[in-house]
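The values are calculated or read from the model by the stated rules, or taken from the named source; none is laboratory data. Source: prediction; values computed, not measured. Note: ideal-geometry Cβ built from the backbone for every residue, glycine included; neighbour counts use all protein chains shown. These area figures cover heavy atoms from the full protein model, side chains too; ligands, DNA and RNA do not enter into them. Shrake-Rupley method; radii C 1.70, N 1.55, O 1.52, S 1.80 Å.
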Amino acid sequence: MRRRIAVVGAGPAGLTFARVLHRHDHPVTVLERDAAADARPPGGTLDLHEGLGQRALAKAGLLAEFQVLSRPEGQAMRILDVDGTVLRDWRPRPDERANPEIDRGQLRDLLLGPLDVRWGHGVARAAPGSGGGTAVHFADGREETFDLVVGADGAWSRVRPAVSPVTPRYTGVTMVESSLDDVDARHPDLARLVGDGSVAVHGVNRALVAQRNSGGHVKVYAQFRAPLDRHTRVGPADVEAVRSELLTLFEGWAPHVLDLLRHGTAFARHPLHALPASHTWAHVPGVTLLGDAAHLMPPLGAGANLAMLEAAELAESVAAGPEDLDESVRAFEQRMWARAGRWAQITTAGLERLVSPDPREALALFDRVQPS
């Protein structure tokens, strides 16, 4: 008899898990608090790595469709000094497929496919039972029991407390996100500045990154070191006040670089949090975690990739129909912790160098990762 499996969260991890199970004709219940797939903006673009996210899509039978949607040219990266001087201008070869970009919304729709998601099902907590199975308690007071509950519900996971008391800690870096729409027609100078991929400018304890998405949309990320309670007096709804605050913070930078902030249409503040790189837990039968719920790390391109691959691997283990499902999950956790721990150390060290008192650290990191 097949086990009742639920995954909490319809992000890249949760949907990859469900899609691989679906490919193996194994039923799975996807629980998502959002009312619909388009209930909120999906976020920016993701670069899916050949050995991680792309490998997960291959396991889901979706790699060919991804290659049609993805943007290999989006791998291009330009580094500027704060005075606007171009320090590095790397462009991928025509056949370069190591880390092509795809918009999060496109990836979500690709993974959704035939899946039946229970939208509007916010989970309050998960409670493993002494007699087996885990009860999912919904925000509206209802309850349902499953043989396995997989928490793929992000940084502030409601499932995580079932296995671990650890919560994310502030990294010391805050990111403020903005956007430019129809950039090629409305802001052609900025379109040329960003190019086909991304442009990054690194100063003392701050950075400005702009990343092209599809459809002429550009995401802009202002990053800076500050106490958690700083820069909170102005709410994101007061667009001009936030813009003024950021322009003051980046005062002295090249005017054409600051135009990325001057023309931003909206702002959202994201203090960056992370779980300890060594985060593990004593195995609890009937429940486990994936992605940010298990190993939240600085957003340097690894998190979603890891989440998707481990989701695919766990789904394959479940679909194989082992006699002891719990033992299969326990073995999966051991593999996940070892791999995620390495990446957490890499991304933590990377954030220290990218938003650093010495901007040369960021350039040195780029040269090591992407040598000319």
Surface accessible to a 1.4 Å probe, HIS24 within the full protein complex, Å² = 80 Å²
So, relative contact order of the chain in percent, Cα under 8 Å, 6 or more apart, is 22 percent
Sorted from largest down, give the three principal axis spans of the alpha carbons of region 260-372, whole angstrom values.
-> 58, 34, 27
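Would you list TRP156, TRP337, TRP119 from the most to the least accessible area, probe 1.4 Å? It would help to have the intermediate numbers written out before the result.
Values: TRP156 145, TRP337 45, TRP119 75 Å².
Final ranking, largest accessible area leading: TRP156, TRP119, TRP337.
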Simple SL model, points at 7 angstrom along Cα→Cβ for LEU300 and ARG93; separation in nm is 2.6 nm
Counting only protein chains, not ligands or nucleic acids, how are LYS219, LYS59 ordered by accessible area (probe 1.4 Å), most first?
-> LYS59, LYS219
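How do TYR221, TYR170 rank by accessible surface area computed with a 1.4 Å probe, from largest to smallest?
Working: TYR221 35, TYR170 60 Å².
Result of the area sort, largest leading: TYR170, TYR221.
Quick check on packing: order 206-212, 275-281 by the mean number of other C-beta atoms within 10 Å, highest mean leading. Numbers along the way, then the final one.
Working: 206-212: 22.9, 275-281: 17.0.
For the peptides 206-212, 275-281, the packing ranking is 206-212, 275-281.
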